[in-house]
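For reference, the structure is listed below as structure tokens.
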Amino acid sequence: MSIEKKQQQQTAQVPEKSLSNPALSPGTLYLVATPIGNLSDITQRAVDVLSQVDYIAAEDTRHSQRLLAHLGIKTRLQACHEHNEEQITPRLLDDLQAGRTIALISDAGTPLISDPGYRLVAQAHDRGISVVPVVGPSAVIAALSAAGLATDRFSFEGFPPAKQGARRAFFEALVAETRTMVFYVSCHRIVETLKDMQDIFGAQRRLSFARELTKTFETIKRSTLAELVEWVESDDNQRRGEIVLVVEGAPESTGDAGETDRLLAILLDELPVKQAVKLVVKITGEHKNEIYKRALELKENKLSANERK
Ligand code: SAM
């Protein structure tokens, strides 16, 4: 028998269910990832689950209706967003316990990643309901994988606060973070956010700017904070659309500026500059003038952050 014929025969013997999506399990909550731009980025399994569940809980039903229409799916949509999640969760859980199948989707990407659904999933676990991820796109992973920065360890930081004082405090708390950090940033705040990062992480810290991933104007650029601030300020197009910033972690070596900063910042909260500097010099063995200079910079940063609050 030819190899081709043998393969055909083997394929024919495989039950159809194991080739595509097996029937859904009753009483299961499916977390279905949807495209973050390019509509072709939907898995066959996502299409099967979305077609077969009893209903789909969606962040914005009008927005999701367009995706379902594109996919030819007629399943009923039920709104589930941050404003009604608390009120609607018990009903969804009751339906699941009665044996219904529900898919949760967000406007784009993976549900619960800077999107609603945490309460529902946590309470589903509390009630012993099965939760099944139907994996697919997420901007954090897409940006990280294309960033050209260390990916062995990373920390997803979500959206930095909108107000400048809180945002600077947020970055200051991350000054000694050695893992690669991933941030979601609104295009309306991209310049201020990059400038705050530059002040706090240093002008030479490298980062990757990922905009409009999987879409027509996809842009991925790795550079330093100093260069990126200039580039984004000089080109309006870079201030449009959806943006992820992937920032290199602080260096790990001893005498590490990030660690020294962290220590200094803690001591400056409790002690006058002179005393804080003296202690840090004792602990790190680093040069007094350098530490003194850095202490004044940190104090200055903190003062201007407080003034802006
Ligand atoms: N659940 C989504 C996910 O899995 O990525 C994230 C939802 S969050 C509300 C939206 C943010 O994700 C955007 O402000 C942007 O920072 C990032 N994002 C989503 N789609 C993106 C894209 N195509 N390109 C770049 N960033 C994107």
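Tabulated data for the structure shown
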| item | result |
| --- | --- |
| Net +/- balance of residues flanking Ala147 in space, Cβ distance below 12 Å, scoring K and R +1, D and E -1 | +2 |
| Accessible area (Å², 1.4 Å probe, nearest 10) - Ile113 | 60 Å² |
| Built amide H within the under 5 Å cut-off of Ile36, gap 5+ | Gly109 |
| Relative contact order (%) - criterion: Cα under 8 Å, at least six apart; region: segment 25-137 | 46 percent |
| Percent carbon-and-sulfur accessible area, the chain, ignoring ligands, DNA and RNA, probe 1.4 Å | 50 percent |
| Area of Phe217 that stays accessible when all protein chains are in place (1.4 Å probe, Å², to 10) | 140 Å² |
| Ratio of Rg to Rh over segment 25-137 (Cα coordinates, Kirkwood Rh, two decimals) | 0.93 |
| Percentage relative contact order, segment 140-247, counting C-alpha pairs under 8 Å, at least six apart | 34 percent |
| Under the Debye formula (equal points on every Cα, no solvent term), log10 I(q)/I(0) of segment 152-269 at q = 0.09, 0.11, 0.20 Å⁻¹ | -0.24, -0.35, -1.11 |
| Bridge type composition, the chain - antiparallel percent by DSSP, nearest 5 | 45 percent |
| Placed amide H near Ser130: partners under 5 Å, 5+ positions off or other chain | Leu29 |
| Projected-area average for segment 257-308 over all orientations - Cα convex hull basis, square nanometres | 3.3 nm² |
| Reciprocal of mean inverse Cα separation for the chain (Kirkwood radius, Å) | 22.6 Å |
| Cα-projected label distance for Trp231 with Phe217, points at 7 Å along beta-carbon direction, nm | 1.6 nm |
| Net charge over other residues, Cβ less than 12 angstrom from the Cβ of Pro90 (K, R count +1; D, E count -1) | -2 |
| DSSP-defined beta bridges in segment 25-137 - what % are antiparallel, rounded to 5 | 5 percent |
| Built amide H within the under 5 Å cut-off of Phe159, gap 5+ | Tyr184 |
| Probe 1.4 Å, accessible area per residue of segment 25-137, Å² | 49 Å² |
| Taking the chain and dividing mean pair separation by its residue count, relative contact order in percent (alpha carbons under 8 Å, at least six apart) | 16 percent |
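The values are calculated or read from the model by the stated rules, or taken from the named source; none is laboratory data. Worth saying up front: this structure is predicted, and the values here are computed from it rather than measured. Virtual Cβ from ideal backbone geometry, glycine too; neighbours counted across all protein chains shown. Remember, those area values only see protein heavy atoms, side chains included, never the ligands or the DNA or RNA. Shrake-Rupley method; radii C 1.70, N 1.55, O 1.52, S 1.80 Å.
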